[in-house]
Amino acid sequence: MKTPLLELTNITKKYPGVIANEDISLTVNKGEIVALLGENGAGKSTLVKAVFGLVRPDSGEIRINGHLIAPGDTAGAIAHGVGMVHQHFQLVPVMSVTDNIILGDEPTRGLFINKRAARAEVLALSEKYGLQVDPDAIVENLPVGMQQRIEILKALRKDVDLLILDEPTAVLTPQEIDELLNVIRNLAKSGVGVLFISHKLREVIAVADRIVVLRNGKAVGITTPKESDEEGLAHLMVGRDVVLQVEKGEAKAKEVVLSIRNLHVNDDRKLTAVTGFDLDVHAGEILGIAGVEGNGQRELVEAICGMRPRIKGSVLVSGVETPDMHPRRVHAMGISHIPEDREKHGLVASYSIEDNLVLNQFDQPPFAKGWIRNAYALESNANTLVKEFDIRTPSIKTTAGALSGGNKQKVVVARELSQKTKVVVAAQPTRGVDVGSIEFIHNQLVAARDNGAAVLLVSAELDEVLSLSDRIAVMFGGKIVAFLDGKDADRAKIGRLMAGLSE
Amino acid sequence: MIKKYLGSRWSPFVATFSVILFFYLKDALATTSVVATSITFGLPLAMAAMVGIMCERTGIVNIGIEGTLLVSSFIGFFVASVSGNLLVGLFAAVCMGAVSGLLLALLSVTWKMDQIIAGTIINILATGLTSFFYKQGHTLPSTFPEIDIPGLSAIPFFGPVLFMHGPLTFLGFFLILVLWVALYFTPWGLRSRSVGEHPGSADTAGVSVVRMRYLNVTIAGAFGGLTGAYLTLELVGSWDRGFSAGRGFTALALMIFGRWNPLGALAAALFFGVAQAITNQLMITEVVTIPLQFTNMLPYVLTILILAISAGKVRAPAAEGQPYEKESA
């Protein structure tokens with residue numbers, strides 16, 4: 001029997017209070033594409049980092065081409081032909097593409113870097129794998145898809161036998177994802193073994209030869225795309241049946257509640273991020289904004305909610321103008337906000353769950369009488385919401401910081417949706433949340449719609465926008481480039497619009 | 001190509017040269033002496049700025065330069081005085097500087113202490129120790145003698161300005177050039193800068209962030225030791241409490257003004273030196289009479305001005321001041 005390219009035997013890694021990997025064994029052969037599928041926190045990243053020596057497993061063996069690799073030995077893994085493309089790009093933004101690719105193993109002439117040879121090498125590499133890059137461009141000026149290409153080239157430069165990709169598609173447009181999947185297929189054809197991580201069922205089924213499903217640190221199933229389908233994989237990932245398609249009735253859109261008129265907003269660098277925006281959201285509908293991140297969605301949401309100054313234009317709720325830069329009064333006028341970054345804007349990590357559930361109404365009856373807070377009302381409110389929103393916590397006195405990502409998000413959703421609001425602004429409502437909680441949060445958003453709220457959904461996950469929205473607006477470069485009907489929206493067409501192409 | 005690495009800091013050069021030319025035409029002798037003096041004033045600042053550049057390019061903020069200068073000049077002076085040998089004193093000063101660098105690395109890299117506090121510790125330690133062990137009455141056998149490079153030193157103006165200096169001055173200029181070349185044209189430089197900008201990318205490329213930071217901060221410390229030795233063994237010839245006189249802090253401002261580029265910082269330091277030399281000349285010749293307190297203020301006022309001018313226009317190494325943590329989980 002021939003030796004597999006990568007052989008993991010009984011890998012176990014424990015962190016205080018958590019078992020990240022438990023007794024995981026798997027193999028990758030030459031030319032094979034193996035997908036590691038699992039929810040956030042299932043231990044996928046830990047496992048591949050162990051292979052690359054960035055994490056030191058407590059026990060178990062890692063063999064590459066039959067060679068035993070010592071735990072935590074990054075240099076050894078590289079020497080035996082392992083390359084890794086990290087989830088967060090490991091590129092120096094202010095340096096050129098060439099400098100980034102040669103870093104750590106620079107071609108030299110005497111004491112100096114041979115810049116000409118380096119440039120030639122990058123061009124040859126780019127030619128060989130069909131990945132076009134400009135060797136002299138500065139990395140921070142390049143789009144994300146291009147940066148990922150550089151990451152892949154960087155990995156391939158070291159004559160890799162095994163390429164590890166950690167959530168490579170998380171930041172890409174659908175077109176860029178298709179390109180990447182083609183690159184992966186071509187690499188496998190040329191004999192490279194590919195181990196890639198994803199929690200997106202669609203792409204796993206599209207590209208993998210073998211699928212390993214992780215749940216709570218254990219390998220719970222090994223299957224192939226032929227033997228499996230999206231429902232079956234989701235079941236394996238979560239451990240129970242999951243309804244992937246959001247079940248929702250026909251929208252009964254009524255009058256316009258939220259209207260945005262000629263809104264201009266700047267980003268943190270004082271550059272224009274939202275340019276002349278007009279948008280109407282009706283009561284009883286979900287309007288989804290699709291777009292690659294960084295096209296002004298964040299600035300739009302923050303300007304609506306009063307967290308970022310509006311340079312020009314206005315935001316109206318039922319025809320009344322909302323104040324600029326006053327989140328509290330904006331909220332009082334009926335805009336609920338599920339913020340993109342729950343750790344930063346959604347919760348106070350060191351406060352208890354019951355306090356977090358009343359962050360925006362702690363001083364109003366029944367939670368306070370004049371200056372005095374009402375402990376009884378706080379507790380009963382918390383107990384009701386914890387049950388109603390299925391927040392899994394040992395107690396309502398537990399600090400919010402101690403909860404898992406999904407449960408933190410449920411606290412935010414519970415607070416924002418339990419109050420009677422006219423408008424719900426939900427930014428990336430299911431980011432970093434497990435599949436089970438995603439299903440729940442989606443149902444809550446649909447319920448808010450059915451209760452007559454106008455829901456503005458902003459998400460970088462196209463699938464989320466497609467499954468929830470009654471109407472879809474595609475945002476690119478700070479503008480809405482198209483409105484589509486939610487029912488018959490074409491995935492490929494939206495993808496092109498998101499990339500800034502017309503149709 | 002070359003222009004890019006100069007950091008487009010030509011304006012101080014142009015300003016300086018036109019001023020020099022103007023005065024040279026009026027009074028050749030005095031101008032020559034002023035410019036020669038300005039090199040004497042500027043060089044130690046430039047060298048101290050190199051200490052900051054080497055550290056900050058790898059992501060370590062070093063506000064302990066002042067302490068390094070103080071303690072290494074102290075050791076250099078007393079070892080030279082007791083042993084009667086300047087070279088032994090020089091060696092001791094460089095070693096002392098390296099030790100102070102090593103201490104900063106230990107505090108900020110290994111123990112991940114806040115780097116501002118770590119630097120302050122070095123400054124306080126240096127002031128305390130040198131004041132405590134200071135004894136009056138020591139003298140040096142001599143200072144490093146001036147070397148007049150045959151032939152070249154006879155050229156009018158450029159001779160005295162460029163080719164009649166002590167050995168440590170020549171060494172200092174040479175090492176600044178070496179540092180510039182090393183930073184932009186060698187693997188060491190590329191790795192150093194990547195560690196200071198984005199340590200994660202260096203780490204995943206197999207470059208040890210910890211080793212790189214230890215190495216550079218220690219070398220920088222040794223360079224600070226050389227600067228201290230230059231001050232006491234070549235420039236001044238004595239040592240007193242508070243000897244470094246704020247040069248370590250001024251150097252940090254010059255480093256920022258020079259955009260963390262060795263040549264940029266050198267130009268800024270020379271510009272600074274010229275300003276100081278002119279003031280001195282005006283005082284000596286009694287062309288103007290300014291109270292001493294104001295002339296003594298000059299370095300600090302200029303430092304504030306420089307920082308105010310460059311604020312918001314320059315971009316520091318991105319990972320500056322942050323201890324590197326390998327990703328967990």
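The values are calculated or read from the model by the stated rules, or taken from the named source; none is laboratory data. The structure presented is a predicted model; accordingly, all values stated were derived computationally and were not measured. Don't worry about glycine lacking a Cβ; one is built from the backbone with ideal geometry, like all the others, and counts go over all protein chains shown.
One table, with the values for the structure above:
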{"quantity": "Positions within the stretch B:124-152 being part of a helix (DSSP H, G or I) and closer than 15 Å to residue B:79 by Cβ, in sequence order", "calculated": "B:129, B:130, B:133"}
{"quantity": "Enumeration of residues in the stretch B:194-250 that are over 30 Å from residue B:82 (Cα atoms), more than 14 Å from chain A (Cβ to nearest Cβ) and over 12 Å from the mean Cα position of the chain (by Cα)", "calculated": "B:213, B:214, B:215, B:216"}
{"quantity": "Residue that is nearest to the other protein chains (Cβ to nearest Cβ), among those in the stretch A:24-56 that are on the phi > 0 side of the Ramachandran plot and more than 22 Å from the chain's Cα centre (by Cα)", "calculated": "A:53"}
{"quantity": "Residue selected from the stretch A:403-435 under the condition more than 16 Å from the chain's Cα centre (by Cα), assigned to a helix (DSSP H, G or I) and not basic (Lys, Arg), by the criterion surrounded by the fewest Cβ atoms within 10 Å (Cβ to Cβ)", "calculated": "A:418"}
{"quantity": "Evaluation of residue A:13 against (1) closer than 29 Å to residue B:207 by Cβ; (2) touching a residue at least 24 places away in the same chain (Cβ under 8 Å); (3) assigned to a loop (DSSP other than H, G, I, E, B) (one fails), failing number", "calculated": "(3)"}
{"quantity": "Per-region count, the stretch A:446-472, residues part of a strand (DSSP E or B) and surrounded by fewer than 22 Cβ atoms within 10 Å (Cβ to Cβ)", "calculated": "1"}
{"quantity": "Residue within the stretch A:350-372 that is assigned to a strand (DSSP E or B), free of Cβ contacts under 8 Å to residues at least 24 places away in the same chain and either touching a Pro at 6+ places or on another chain (Cβ under 9 Å) or of a type in the set (Gly, Ala, Ser) (or both) present", "calculated": "yes"}
{"quantity": "Hey, residue A:5 closer than 29 Å to residue A:190 by Cβ, modelled with pLDDT of 90 or more and either more than 25 Å from the chain's Cα centre (by Cα) or crowded, with 24+ Cβ neighbours inside 10 Å (or both) or not", "calculated": "no"}
{"quantity": "The one condition in (1) surrounded by fewer than 17 Cβ atoms within 10 Å (Cβ to Cβ); (2) over 25 Å from residue A:4 (Cα atoms); (3) not acidic (Asp, Glu) that residue A:142 fails to fulfil", "calculated": "(1)"}
{"quantity": "Among (1) over 20 Å from residue A:191 (Cβ atoms); (2) touching a Phe, Trp or Tyr at 6+ places or on another chain (Cβ under 9 Å); (3) surrounded by fewer than 24 Cβ atoms within 10 Å (Cβ to Cβ); (4) among the hydrophobic types (A, V, I, L, M, F, W, C), the one test that residue A:36 misses", "calculated": "(3)"}
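Conditions (1) outside any helix (DSSP H, G or I); (2) more than 9 Å from every other protein chain (Cβ to nearest Cβ); (3) more than 27 Å from residue A:30 (Cβ to Cβ), marked per residue:
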site	(1), (2), (3)
A:77	no, yes, no
A:83	yes, yes, no
A:92	yes, no, yes
A:98	no, yes, yes
A:116	no, yes, yes
A:134	yes, yes, yes
A:140	no, yes, yes
A:154	no, no, no
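Yes/no matrix, rows are residues, columns are (1) closer than 30 Å to residue B:110 by Cβ; (2) free of Cβ contacts under 8 Å to residues at least 40 places away in the same chain; (3) aliphatic (A, V, I, L, M):
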{"site": "B:235", "(1), (2), (3)": "no, no, yes"}
{"site": "B:238", "(1), (2), (3)": "no, no, no"}
{"site": "B:261", "(1), (2), (3)": "yes, no, no"}
{"site": "B:271", "(1), (2), (3)": "no, no, no"}
{"site": "B:288", "(1), (2), (3)": "no, yes, yes"}
{"site": "B:319", "(1), (2), (3)": "yes, no, yes"}
